[in-house]
Amino acid sequence: MKKRKVKIGEQRYLVQLEPYFWQSVDKILDEEKITFSFLCTELNRLKTAYSLSKSLRLFTLIYFRNSAEQNPDQAYPTMVAEEPANFEHPDDLAPDNTLMMSLLAFSQHAEHDDMLADPA
């Protein structure tokens, strides 16, 4: 397990992931031209009861699955956001924006898990 530190707002986190997940996260950061801090901030904003490590693992799987579905002929599709992401208006997203679609899918998955865990 490898560790990285990240600051989200005023809170500091220590994230621990397996080396292969770090390689995958780094690939996403490189492809999308975003920082680790930005990705963690968005996941933290979207998540509910997930730890940041679990959020990163789940998001990484969703991201590469979305990439494969959108680009079945490419082993490593290149998805680079041309403009800053607009997370407030998901209906305005381009259907081939892997980062945005993955964040939206992550949010829906996290919401579904919370409803299953809530006994109310």
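The values are calculated or read from the model by the stated rules, or taken from the named source; none is laboratory data. Remember, it's a predicted structure, so these values are computed and weren't measured experimentally. Every residue, glycine among them, receives a Cβ derived from its backbone with ideal geometry; neighbour counts consider all protein chains shown.
For the reader, a short list of remarks on this structure follows.
- Taking the criterion of being touching a Gly at 6+ places or on another chain (Cβ under 9 Å) and hydroxyl-bearing (Ser, Thr, Tyr), the only residue of segment 5-59 that qualifies is 41.
- Any hit, segment 78-97, residues being modelled with pLDDT of 80 or more and either surrounded by 15 or more Cβ atoms within 10 Å (Cβ to Cβ) or acidic (Asp, Glu) (or both): no
- The residues listed here are 70, 108; of these, the one that is surrounded by 14 or more Cβ atoms within 10 Å (Cβ to Cβ) and either at pLDDT below 90 or touching a Pro at 6+ places or on another chain (Cβ under 6 Å) (or both) is 70.
- Meets criteria (in contact (Cβ under 8 Å) with a residue 40 or more places away in the chain, buried (at least 17 other Cβ atoms within 10 Å of the Cβ), in a helix (DSSP H, G or I) and of a type in the set (Phe, Trp, Tyr)) for residue 59: yes
- Flag: residue 20 does not match the condition of being in contact with a strand residue (DSSP E or B) (Cβ under 9 Å, 6 or more places away or on another chain), aromatic (Phe, Trp, Tyr) and free of Cβ contacts under 8 Å to residues at least 40 places away in the same chain.
- The conditions of being surrounded by fewer than 14 Cβ atoms within 10 Å (Cβ to Cβ), free of Cβ contacts under 8 Å to residues at least 60 places away in the same chain and within 20 Å of residue 101 (Cβ to Cβ) are met by residue 33.
- Which numbered condition residue 20 fails, given (1) at pLDDT 90 or above; (2) surrounded by fewer than 19 Cβ atoms within 10 Å (Cβ to Cβ); (3) within 15 Å of the chain's Cα centre (by Cα): (3)
- Test: residue 43 is farther than 18 Å from residue 99 by Cβ, of a type in the set (A, V, I, L, M) and touching a residue at least 24 places away in the same chain (Cβ under 8 Å): no
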